[in-house]
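What follows is a short report on a single structure.
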Amino acid sequence: MAVKIYHGDILFTPAADRMEIHENSYIIVEDGVVSQICEKIPETYNGVEVVDYGDKLIIPAFSDLHVHGAQYVQRGIGMDCLLSDWLNHYTFPQESRFQSMEYAKNCYDAFVDEMILHGTFHANVFATIHRDATNYLFDKMEEKGMYGYVGKVNMDCNSPEFLIETTEESLNETEKYLAAHEGSKKVKTILAPRFAPTCSEKLITGLGKLAEKYHCGVHTHLVESIWEAQEALKLFPGYGSDAEIYERAGLMDHGPSIFAHVIFPSEEDKRIMKKHGSISVHCPDATVNIIAGIMPLQQMASEDLKIAIGSDLAGGHGLAIYRQVARAVQLSKLKEFYEPNESKTITITQAFYHATKEAGSVFGKVGSFETGYAFNALVIDNMEDQWTKISAQEKLERFCYTGDDRNIRARYIDGELLK
Ligand code: GUN
Ligand code: FE
């Protein structure tokens, strides 16, 4: 068995209200998996190499549960538009370029490298409607050792003629994509109907059948704006809620159901998500950039709904999930200030939990350092001024608010140091 021991200030959040902090401690990793944390190395480990990170922080790597790989090239552009205009003027024309494999390769190579640079090792990614380019993204994430879900996007109506599929084409191409990756391990396929306004009922029903045949989950945008929520029910008149569209098709029965934004959930949306253990993804920057409205995060968490954090690049303008942790706290304060009955302010501990352990739960045992979790870890450095001390938790908070990739001194996936 390969055993490694790391020394430093070890932090993780086993629960939304609990940050475990082990200062000046050792984390013992066996075959890439956390075995124990201790203040003194037990004698049985005599002779094992210790990597000493001094008083640097050792924290779990981040998960990004909603990100558009293909929108990497448009980050920080069109940020003065709201959703519908942003999609039509910027996003749809840009995504249509993924017909070209050369364009796709350049974009996806840069996108995957930058996620890893920012300490995101687990990601749930929307690609585009193009199967070949989506396969490339899938393989790239696999090659880099990431954990992930990758979805070939479906859109068969209300879309421009340069970015649309027929229903049959969409289902056939999706099936070929799913079949090509059957049995994959760390990166898996997921169904990705873009959102109700660009998907017909026939398409959603067909995807439900594929979910059953290939045992996969669903990733889409849900009640993300008032416009989207109204449009969904107009196009699906027999349905009582946005979530019911996916539930009735059987899309929530065979794998994780991951819903981006969830800013205006009805009681029915919440009941359905709870029944299926769905996870709602809060994407603070995107909320501020292209969506008007803030997820009632604390309210939903208090109702036992699962919450993760996402960058939603390029609705969001950056890939750093640690910054979204800070923004989630900031937005929760605004929400409480303007709508005190809707939701309350959250703590940094809670926000970090949603971005690590809770988000990581869709990939397996990642996002924490409890025994049995993969040692997918970041070493964080230089968060303290030379002339005054701050606590380990304060260093983590400062990293989320002010840090960047230069503060990530080392990265480990499954116990392997990334070069
Ligand atoms: N809704 C439909 N498509 C998109 C997209 O690409 N980004 C976001 N944020 N919302 C969407
Ligand atoms: Fe999105």
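Coordinate-derived values only; no laboratory data. Keep in mind the model is a prediction, meaning the values are calculated, not measured. Heads up, the Cβs are rebuilt from the backbone with ideal geometry, glycines too, and the neighbour counts pull from every protein chain shown.
Quick look at the values:
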| quantity | calculated |
| --- | --- |
| Length-normalised contact order for the stretch 62-360 - Cα pairs under 8 Å, 6+ apart - percent | 20 |
| Global form of the stretch 59-106, assessed from the alpha-carbon gyration tensor, a/c cut-off 1.5 | oblate |
| For the stretch 262-272, 3J(HN,Hα) per residue [Karplus equation, 6.51 cos²θ - 1.76 cosθ + 1.60, θ = phi - 60°, Hz, x = Gly/Pro] | 6, 8, 10, x, 7, 4, 5, 4, 5, 4, 5 |
| Three-way shape call for the stretch 254-390 based on the alpha-carbon gyration tensor, with the a/c threshold at 1.5 | oblate |
| Estimated vicinal HN-Hα couplings, Hz - the stretch 59-74 in sequence order (Karplus 6.51, -1.76, 1.60; Gly, Pro = x) | 10, x, 5, 8, 10, 10, 8, 7, 8, 9, x, 6, 9, 3, 5, 10 |
| Range of Cα positions in the stretch 1-70 per principal axis (Å), largest first | 48, 28, 20 |
| Of ILE263, GLN324, ASN172, farthest towards positive along the dipole that unit charges on Lys, Arg, Asp, Glu beta carbons give the stretch 62-360 | GLN324 |
| Within-10-Å neighbourhood charge of LEU11 [Cβ basis; K, R +1; D, E -1] | -2 |
| Cα gyration tensor category, rounded, prolate or oblate, for the stretch 62-360 with a/c compared to 1.5 | rounded |
| Dipole moment magnitude, nearest 20 debye, the chain about Cα centre, only Lys, Arg, Asp, Glu C-beta charged | 200 |
| Spatially close lysines, pair count over the stretch 287-382: Cα under 23 Å, gap of eight or more or interchain | 10 |
| Beta bridges by DSSP in the chain, antiparallel share as percent, to the nearest 5 | 40 |
